[in-house]
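Everything on this sheet refers to the single structure shown next.
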Amino acid sequence: MSQQPPGAFIVGTGRCGSTLLSNILRQHPKVLSLSEFFMPIASRAFVGGMITGEAFWKRLSRPQLSAQRAINPKRCPEEFLYPLHRSTRFNETNLPPILYVTLPHLTDSPDALYDELAAILRRRNSARLGAHYRFLFEWLCRRFRKRIWVERSGGSIVMLPAMLRTFPDARIVHCHRDGRDVSISIGRHAPMRLFAANWHRCRRLGLDLLRPPLRVGDSRIVAVLEPLMAPLVNLDRQLDKELPLDVIGAFWSELIGLAGETLEAVPHGKKLAVRYEALIADPEAELTRLAAFLDLGSVDADWLATASAMIRRGRSNWQSLPPAQQIALQRSCQSGLRALNYLS
């Protein structure tokens, strides 16, 4: 695997079309598509230095209350893939995070792959967290005879600085979409809506979940506090609570600002922007561009045809909102829209 490309990340704000890209790449014969690998362990995804193989496996397999409440068939019916209704081994309270989406996305026998990984990873000696991740991703590439791994987690822009530190040679695909439509979609998606709500609450206290020392993904403070706080709050009530669209729009703009700051330091040849609207309008051109960026060789015609047939326009439409809401939403999204050239 040392001669293979180091891999790539698809990053986005959530609800921007990145799941579609992940599903499309899953169909490519050379790509190991890792879907939602980091999101179920988001608060501790990049926290820690040297850890044992046993500790690494616990991070991937030990359930956390907040993830259980947020990522399940009720909250994420489109993303959640593990067949809980058929399982005699796992239920919603003991299902390992790596089985929520990642392993069922790779195989129809996720339990068998889970056991295979447990045996291998638990035997590993102490190593830096990034080395464990790279070993796992490369092992999966060999296991499924793929050339390159591409990880995608919803809302992963917040983890982009930590990703780049851990995988300095990785390629970055920034998937983005009109923030006004994204905001509507986040408003309908409980886990992302809760993230936006928590960001808003903390911001009013002068704290920021998108930047150190509380940045989700590599903050030791958040990693320690989350499991302590989760049992003390009514997570279901928080997940069901609505949030004004202009608050979500401001959250989206902050994420886009963070992406711009972080990607500015990435060499031009290692980053690619994919606009959701362009993908919908001309899938063949955008997917050809993506395949070239990932160095997949000549375009696979069968893959291109299959992928193009998967594409459907999203249902969010900010222009269907009442005029007053349109104005408020556009105002809150202004800086992000301008950064991504959505405003003429």
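The values are calculated or read from the model by the stated rules, or taken from the named source; none is laboratory data. Computed from a predicted model, the values in this text were never measured in an experiment. In this analysis, Cβ positions are derived from the backbone assuming ideal geometry, glycine residues included, and neighbour counts consider all displayed protein chains. Side chains are part of the model used for accessible areas, which takes the heavy atoms of the whole protein and leaves out ligands, DNA and RNA. Shrake-Rupley method; radii C 1.70, N 1.55, O 1.52, S 1.80 Å.
Its convex hull of Cα atoms gives region 122-166 a direction-averaged projected area, equal to a quarter of the hull surface, of 4.1 nm². Using a Förster distance of 30 angstrom, determine the FRET efficiency expected from the C-beta separation of VAL224 and ALA265, and round it to 0.05. With R0 = 30 Å, the Cβ-Cβ based efficiency is 0.55. For the set MET229, MET163, MET50, solvent exposure ranked by accessible area (probe 1.4 Å, protein chains only) runs largest to smallest as MET50, MET229, MET163. Heavy-atom accessible area with a 1.4 Å probe sorts TRP139, TRP57, largest first, into TRP139, TRP57.
Here each label is just a point 7 Å from Cα along the line to Cβ, and for ASN341 and LYS241 those points are 3.9 nm apart. Each 5 Å bin from zero up to the one holding the largest Cα-Cα distance in region 198-344 carries the following percent of pairs: 2, 7, 11, 14, 15, 15, 14, 12, 7, 2, 0.
Fully extending the segment from ARG313 to ALA118, taken as 0.36 nm per residue of separation minus the present Cα-Cα distance, adds 66.3 nm.
Taking 7 Å steps out from each Cα toward its Cβ at GLU54 and ALA324 produces label points 6.1 nm apart. With all protein chains in place and a 1.4 Å probe, the accessible surface of region 119-194 carries 42 percent carbon and sulfur. When every Cα-Cα distance of region 205-283 is counted in 10 angstrom steps from zero, the calculated P(r) takes the values 13, 28, 37, 18, 4 percent. Here the Karplus curve 6.51 cos²θ - 1.76 cosθ + 1.60, taken at θ = phi - 60°, turns the phi angles of region 62-78 into couplings of 8, x, 10, 4, 4, 5, 4, 6, 8, 10, 7, x, 6, 7, 10, x, 7 Hz, with x standing for Gly and Pro. The distance between label points at LEU84 and LEU214 comes to 3.0 nm (points 7 Å beyond Cα on the Cα→Cβ vector).
For the chain, what is the accessible area per residue in Å², given a 1.4 Å probe and the full set of protein chains?
Numbers: 15670 Å² over 344 residues.
Counting only protein heavy atoms, the per-residue value for the chain is 46 Å².
Would you list which aspartates and glutamates come within 15 Å of LYS74, measuring only between C-alpha atoms, while excluding same-chain residues fewer than 8 positions from it? Straight-distance partners of LYS74: GLU92, ASP236, ASP240.
Among the listed pairs LYS58/LYS241; LYS30/LYS58; LYS146/LYS271, those whose Cα-Cα separation exceeds 25 Å are LYS58/LYS241; LYS30/LYS58. Between GLN238, GLN64, GLN319, where does the largest GNM mean-square fluctuation fall for the chain, given springs only between Cα atoms within less than 10 Å? Greatest mean-square fluctuation among the candidates belongs to GLN319. For region 206-344, the fraction of 1.4 Å probe accessible surface lying on carbon and sulfur atoms is 55 percent. Measuring spread by the Cα atoms of the chain yields a radius of gyration and Dmax of 19.4, 60 Å. Per-residue surface analysis assigns ASP169 an accessible area of about 90 Å², computed on protein heavy atoms at 1.4 Å probe radius. One decimal place: the segment SER109-ARG331 gains 75.2 nm when fully extended, by the rule 0.36 nm per residue minus the C-alpha distance.
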